[in-house]
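J.: Take this structure first; my questions come after.
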Amino acid sequence: MINKSVLVINCGSSSLKFSVINVLKKKILLSGLSENFENKNAYIKWTFNSQKEKKNFYSKIDHKIILKYLINKILQKTLLYNNIIAVGHRIVHGGEKFTESVIITKKVIEAIKKASIFAPLHNPIQLIGISESIKILPHLKNKQVAVFDTSFHQTIPETSYLYALPIKFYEKYKIRRYGAHGTSHKYVSKMASKILNIPLDKFNCISCHLGNGSSITAIKNGKSIDTSMGLTPLEGLVMGTRCGNIDPAIIFYMFNKLNIKIDKINKILTEKSGMLGLTHITSDFRYLENNYLNDFRIKRAVDIFIHSLSKYIASYSILMENKINAIIFTGGIGENSVLIREKTIEKLKILNIFINHKLNNKIKFGKIGLINTNNSVPILVIPTNEELMIANDTFNIIIKK
Ligand code: AMP
């Protein structure tokens with residue numbers, strides 16, 4: 001059992017991330033990524049035994065081709081093939097059906113299909129990931145587990161998840177807040193409760209996952225009680241290319257007065273807005289941070305991002321009632337951007353949240369640590385590890401079976 005490992009598959013709309021993790025040894029044996037499916041720059045790269053390898057395809061590829069390459073070539077070559085005892089699949093949307101990770105059955109596949117309406121770019125592709133891995137690994141047909149981005153948020157109460165629309169839109173069409181990044185929020189909050197030595201069921205925190213997509217979650221007694229993403233990952237914080245919260249009437253204005261087609265509006269709000277839209281330059285926070293003082297559009301956009309984030313942290317703090325045990329920063333920006341953490345925390349003095357600049361400068365590039373002053377609510381930077389969480393869930397479910 002000690003050498004047995006889990007294959008983790010994370011299918012994005014035109015990418016695929018994968019890893020092989022030995023859960024008992026908490027060791028990532030193989031990790032890799034394939035990107036640019038739709039053009040001639042498609043590639044797959046992976047790291048095994050600290051050795052990096054890459055294969056270019058020079059043609060369009062798809063998830064099926066990559067899964068075959070991964071399983072039949074990479075897993076064979078690295079001799080990991082025979083150690084895989086289960087496959088964990090990241091699934092973006094589980095609708096209301098799943099409160100935790102589950103073994104994939106026909107019924108589960110049907111439910112994932114049904115939830116595709118809320119994640120049309122992800123769920124159908126993740127179903128391809130499931131069917132292909134069953135096909136290529138038939139001996140693991142009953143050892144496939146679905147881990148949902150939405151399931152951690154199934155504990156949020158009606159007051160947080162219902163929109164003030166005619167109630168039939170929820171009752172009949174299930175339009176409600178589902179949230180996302182659940183695996184990440186769950187992972188970092190568990191880690192934080194361990195680091196601060198507070199039992200998870202008594203642990204209150206505000207978890208900020210800041211990456212290309214950003215979301216923030218209020219966690220009370222270890223459970224999600226509110227989160228910023230909504231029916232889809234478009235709601236909430238200002239993001240890399242997504243607008244986050246806007247007045248819904250803007251959409252009617254674009255449609256009726258500016259004659260922009262509905263598909264184009266969707267593209268504008270999801271791919272052309274956020275930091276990219278505001279700066280007209282990039283959504284990459286490395287560039288934005290380095291040029292904060294050089295370009296007024298960049299400063300303004302970053303200040304808008306910080307304004308949106310600090311307002312959310314402040315509003316979620318009232319949901320904690322007695323005590324906030326921690327503020328957590330994770331995701332590419334949360335883990336690395338000294339500027340975003342500093343400027344956001346500086347706005348939260350009223351909540352007894354104070355930054356230690358020396359520590360803030362030090363904790364980045366994969367380091368874990370506290371970045372607060374002694375008299376402050378603890379502020380933790382924790383690199384997220386959704387793959388490890390998926391592998392853990394998968395392993396535990398398969399072993400319990
Ligand atoms: P993720 O989606 O979690 O991979 O995060 C991607 C975001 O993290 C991008 O906006 C990156 O620019 C940002 N990021 C990554 N590294 C850094 C860094 N060293 N400093 C600031 N932002 C970073």
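J.: If you keep only loop residues by DSSP, which chymotrypsin sites (Phe, Trp or Tyr not before Pro) in region 268-364 have at most 11 other Cβ atoms within 10 Å of their Cβ? Mind showing how you got there, number by number?
T.: Details: sites: 285, 287, 292, 296, 305, 312, 316, 329, 354; in loops: 292, 354.
Of the chymotrypsin sites (Phe, Trp or Tyr not before Pro), not one in the loops of region 268-364 has a Cβ with at most 11 other Cβ atoms within 10 Å.
J.: Could you work out the helix-only [θ] at 222 nm for the chain, with each DSSP H run of four or more residues adding -39,500 (n - 2.57) and the total divided by the number of residues, to the nearest 500 deg cm²/dmol? Don't skip to the answer; put the middle values down first.
T.: Details: 15 runs with 134 residues, N = 401.
After summing the helix terms and dividing by residue count, I get -9500 deg cm²/dmol.
J.: Here is a follow-up. Shape call for region 250-401 from the C-alpha gyration tensor, a ≥ b ≥ c root eigenvalues: rounded (a/c under 1.5), prolate (a/b greater than b/c) or oblate?
T.: On the way: a/c = 1.77, a/b = 1.27, b/c = 1.39.
Since a/c reaches 1.5 but b/c is at least a/b, the shape of region 250-401 is classed as oblate.
J.: Tell me the trypsin sites (Lys or Arg not before Pro) within region 150-239 that lie in a loop according to DSSP and have at most 14 other beta-carbon atoms within 10 Å. Display every interim value, and only then the final one.
T.: Details: sites: 168, 172, 174, 176, 177, 186, 190, 194, 202, 220, 223; in loops: 172, 174, 176, 177.
The qualifying sites are 172.
J.: Looking only at GluC sites (Glu not before Pro) in DSSP loops with at most 16 other Cβ atoms within 10 Å, what is the longest site-free stretch of the chain? Numbers along the way, then the final one.
T.: Details: sites that count: 38, 96, 100, 321.
For GluC sites (Glu not before Pro) (loop position, at most 16 other Cβ atoms within 10 Å), the longest site-free span of the chain is 101-320.
J.: From the backbone phi of region 74-86, what are the Karplus-calculated ³J(HN,Hα) couplings (6.51 cos²θ - 1.76 cosθ + 1.60, θ = phi - 60°) in whole Hz, Gly and Pro given as x?
T.: Per-residue couplings from phi come out as 5, 5, 6, 4, 7, 6, 8, 3, 6, 8, 6, 10, 6 Hz.
J.: With every protein chain left in place, what is the accessible area per residue of the chain in square angstrom, probe 1.4 Å?
T.: Heavy-atom accessible area per residue stands at 49 Å².
J.: Let me have the relative contact order for the chain, percent, based on Cα pairs under 8 Å that are six or more residues apart. Provide the component values of the computation, followed by the final result.
T.: Numbers: 806 pairs, mean separation 55.4, N = 401.
Computed over the chain, the figure is 14 percent.
J.: If you don't mind, another one. Pick from 62, 247, 201: which is most flexible by mean-square fluctuation in a GNM of the chain where alpha carbon atoms under 10 Å apart are linked?
T.: 247
J.: If you don't mind, there's one more thing I want to ask. Over the chain, with every protein chain in place, what whole percent of the accessible area is carbon and sulfur at 1.4 Å, could you tell me?
T.: 54
J.: Let me ask something else about it. Straight-line reach only, C-alpha to C-alpha below 23 angstrom: list the lysines that residue 311 could link to, leaving out same-chain residues fewer than 8 apart.
T.: Answer for residue 311, where 23 Å is the Cα cut-off: 186, 220, 223, 299, 323, 343, 347, 349, listed by chain and number.
J.: For the chain, set up a Gaussian network in which alpha carbons nearer than 10 Å are linked by springs, and say which option among 124, 157, 378 fluctuates the most.
T.: Among 124, 157, 378, the largest mean-square fluctuation in the Gaussian network model of the chain belongs to 157.
J.: I'd like the FRET efficiency for residue 15 and residue 374, computed as 1/(1 + (r/R0)^6) with the beta carbon distance as r and R0 of 41 Å, rounded to 0.05.
T.: That gives a FRET efficiency of 0.45.
J.: Spelling out what I want: for every residue of region 318-335, take phi, set θ = phi - 60°, compute 6.51 cos²θ - 1.76 cosθ + 1.60 (Karplus), and round to whole Hz; glycine and proline get x.
T.: Values, residue by residue: 6, 7, 7, 6, 7, 7, 9, 7, 6, 10, 10, 10, 8, x, x, 7, x, 7 Hz.
J.: Then there's this: Modelling each spin label as a point 7 Å along the Cα-to-Cβ direction, I'd like the residue 262/residue 202 distance in nm, to one decimal.
T.: 5.2
J.: Here's something else I'd like to know. Which net charge results for the neighbourhood of residue 271, defined as the other residues with beta-carbon distances under 11 angstrom from its beta-carbon, given Lys and Arg at +1 and Asp and Glu at -1? The partial results should precede the final answer.
T.: Working: positive: 242, 264, 267, 272; negative: none.
Net local charge, residue 271 excluded: +4.
J.: Same structure, new question: For the chain, what proportion of DSSP beta bridges, expressed in % and rounded to the nearest 5, is antiparallel?
T.: Details: 40 of 58 bridges.
Percentage antiparallel, nearest 5: 70.
J.: Please give me the summed charge of the neighbours of residue 355: other residues whose Cβ is under 13 Å from its Cβ, Lys and Arg +1, Asp and Glu -1. If you can, show how the numbers build up before the last one.
T.: Working: positive: 341, 343, 347, 349, 358, 362; negative: 342, 346.
Result for the neighbourhood of residue 355: +4.
J.: Can you pull out the chymotrypsin sites (Phe, Trp or Tyr not before Pro) in region 160-210 whose DSSP state is coil and whose Cβ has at most 15 other Cβ atoms within 10 Å?
T.: Working: sites: 161, 163, 169, 170, 173, 178, 187, 203; in loops: 163, 173, 178, 203.
Counting only loop positions with at most 15 other Cβ atoms within 10 Å, the chymotrypsin sites (Phe, Trp or Tyr not before Pro) in region 160-210 are 163, 173.
The values are calculated or read from the model by the stated rules, or taken from the named source; none is laboratory data. All values derive from a computational prediction rather than experimental measurement. For neighbour counting, all protein chains shown are included, and Cβ atoms are generated from backbone atoms with ideal geometry for every residue, glycine included. Accessible surface areas use protein heavy atoms only, side chains included; no ligands, DNA or RNA. Shrake-Rupley method; radii C 1.70, N 1.55, O 1.52, S 1.80 Å.
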